[in-house]
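Student: One structure, as structure tokens, below. Some questions next.
Derivation of every value follows stated rules applied to the coordinates shown; laboratory data play no part. These numbers come from a predicted model, not from an experiment. Using ideal geometry, Cβ is built from the backbone for each residue, glycine included, and neighbour counts are taken over all protein chains shown.
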Amino acid sequence: MPSAFACQGLEKRYGEKLALGGVDLRVEPGELIGLLGPNGAGKSTLTKIACGLVRPGGGSAEVNGTPAGSPEARAAIGYLAELFRFPDWLSADELVELHQRLAGSPGGAKERTQLLSLVGLHDAADVRVGEMSKGMQQRLGIAQALVGSPSLLLLDEPTSALDPMGRRVVRDLLQELRSRGVGVLLNSHLLSEVERVCDRVAILSEGLVVAEGAPSDLTRPRGLEVETRDGVRSYPEATREQVPEIVAGLVGSGESVYGVRLLESTLEDAYLEVLGG
């Protein structure tokens, strides 16, 4: 089975500006990849090349084994841009129907009902876009991106306008898509969300992948804290294997131990460390 998305040596310049300087990246079926990086790192250019909206200056990009931008590749992609705008006068059902016609999807009313339910808008099918909150519109945008059962979903800041409940809905949705074998490339600045849902992350800086791996692989241990009767004691160099020895020593000296917490850096810590900030 080909990768949902694969690029090798991907390059792009806008005049003198280097957007991508030779990027290698793969998204397998059922894999959720977080694409991270500061503004201007090349994330949007990579996404637009995958969609076929921008032609690369070098290297290759494929969707389901076909060249990015080809009719076959376009048919396999669902996309939600960060700055989207839907016609205010359309209802949720009408908007999804419009995108069904644009995508040539034969799903009909059944597909529309399923997609609106999937994003938590089953009771809002007749609500017009102009009457929706930003969060509802964002979830509607994800529904339209799923029209036609794409094998690759490209999401640009899909939870930026959502409240905690809306983010939970999107997290559950991404888990469901993973189980269906849909590859997802998620572009986000919300590192805590990426850390919770992504199988792997790729950090871009100045057009290059400067770090890649599972979120747990990019973080590192930071010792432990022990809650005692006299307060919290910190052991910044201690490892998990040393916990029994440390606790035994405290108890042996007459100290009461109420809890032990292992510490590790977050994805945000790793991100800032990689980018030098």
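Student: Looking only at the range 181-223, count how many residues are β-branched (Val, Ile, Thr) and under 9 Å from the mean Cα position of the chain (by Cα).
Tutor: Just the residues of the range 181-223 that are β-branched (Val, Ile, Thr), to begin with: 182, 184, 194, 197, 201, 203, 209-210, 219.
Adding the requirement that they be under 9 Å from the mean Cα position of the chain (by Cα) leaves 184, 194, 197, 201.
The qualifying residues number 4.
Student: Here is a follow-up. Quick check: anything in the range 188-195 touching a strand residue (DSSP E or B) at 6+ places or on another chain (Cβ under 7 Å) and on the phi > 0 side of the Ramachandran plot?
Tutor: No, because not a single residue in the range 188-195 is touching a strand residue (DSSP E or B) at 6+ places or on another chain (Cβ under 7 Å) and on the phi > 0 side of the Ramachandran plot.
Student: If you don't mind, there's one more thing I want to ask. Kindly indicate whether residue 264 is exposed (fewer than 15 other Cβ atoms within 10 Å of the Cβ), touching a residue at least 24 places away in the same chain (Cβ under 8 Å) and under 25 Å from residue 35 (Cα atoms).
Tutor: Values: exposed (fewer than 15 other Cβ atoms within 10 Å of the Cβ): yes; touching a residue at least 24 places away in the same chain (Cβ under 8 Å): yes; under 25 Å from residue 35 (Cα atoms): yes.
Yes; evaluated as a whole, the condition is true for this residue.
Student: For residue 106, are the conditions met, namely being surrounded by fewer than 17 Cβ atoms within 10 Å (Cβ to Cβ) and farther than 18 Å from residue 150 by Cβ?
Tutor: Details: surrounded by fewer than 17 Cβ atoms within 10 Å (Cβ to Cβ): yes; farther than 18 Å from residue 150 by Cβ: no.
So residue 106 fails the test.
Student: Among 61, 41, which is crowded, with 16+ Cβ neighbours inside 10 Å, touching a helix residue (DSSP H, G or I) at 6+ places or on another chain (Cβ under 7 Å) and either over 18 Å from residue 146 (Cα atoms) or not hydrophobic (A, V, I, L, M, F, W, C) (or both)? Spell out how you get there, then give the answer.
Tutor: Details: 41 fails: touching a helix residue (DSSP H, G or I) at 6+ places or on another chain (Cβ under 7 Å).
Just a single option satisfies the conditions, and that option is 61.
Student: Run down 128, 139, 168 and say which single residue is out of contact with any helix residue (DSSP H, G or I) (no Cβ under 7 Å at 6 or more places or on another chain) and touching a residue at least 24 places away in the same chain (Cβ under 8 Å).
Tutor: Numbers: 139 fails: out of contact with any helix residue (DSSP H, G or I) (no Cβ under 7 Å at 6 or more places or on another chain); 168 fails: touching a residue at least 24 places away in the same chain (Cβ under 8 Å).
It is 128.
Student: On the given criteria, is residue 10 assigned to a strand (DSSP E or B), surrounded by fewer than 22 Cβ atoms within 10 Å (Cβ to Cβ) and not polar (S, T, N, Q)?
Tutor: On the way: assigned to a strand (DSSP E or B): yes; surrounded by fewer than 22 Cβ atoms within 10 Å (Cβ to Cβ): no; not polar (S, T, N, Q): yes.
Here the answer is no, as residue 10 does not meet what is asked.
Student: Additional query: Please identify the pairs in which a residue from the range 6-29 that is closer than 20 Å to residue 199 by Cβ and in contact (Cβ under 8 Å) with a residue 12 or more places away in the chain has its Cβ atom under 6 Å from the Cβ atom of a residue that is in a loop (DSSP other than H, G, I, E, B) and of a type in the set (S, T, N, Q), counting only partners at least 6 apart or on another chain.
Tutor: Listed by first residue and then by second, the contacts come to 26/3; 28/3.
Student: Continuing with the same structure: Look at the range 116-155 and say how many of its residues are more than 17 Å from the chain's Cα centre (by Cα), closer than 23 Å to residue 29 by Cβ and hydroxyl-bearing (Ser, Thr, Tyr).
Tutor: Going through the range 116-155 one residue at a time, the tally reaches 1.
Student: Could you list all residues from the range 69-101 that are of a type outside the set (D, E, K, R) and within 20 Å of the chain's Cα centre (by Cα)?
Tutor: First, pick out the residues of the range 69-101 that are of a type outside the set (D, E, K, R): 69-71, 73, 75-81, 83-84, 86-87, 89-92, 95-96, 98-100.
Listed by number, the residues that qualify are 76, 77, 78, 79, 80, 81, 83, 84.
Student: Here's something else I'd like to know. Looking at (1) surrounded by 14 or more Cβ atoms within 10 Å (Cβ to Cβ); (2) more than 30 Å from residue 4 (Cα to Cα), which one does residue 183 not meet, given that it meets all the others?
Tutor: Looking at each condition in turn, residue 183 falls short on (2).
Student: Can you pull out every residue in the range 232-277 that is closer than 26 Å to residue 201 by Cβ and outside any helix (DSSP H, G or I)? Let's see the steps before the verdict.
Tutor: Within the range 232-277, the first condition is being closer than 26 Å to residue 201 by Cβ, and the residues that meet it are 236, 239-240, 261-277.
Those that are closer than 26 Å to residue 201 by Cβ and outside any helix (DSSP H, G or I): 236, 239, 261, 262, 263, 264, 265, 266, 275, 276, 277.
Student: Quick one: which residue in 188, 179, 253 is closer than 30 Å to residue 21 by Cα and of a type in the set (Ser, Thr, Tyr)? Show your work before the answer.
Tutor: Values: 179 fails: closer than 30 Å to residue 21 by Cα; 253 fails: closer than 30 Å to residue 21 by Cα.
The match here is 188.
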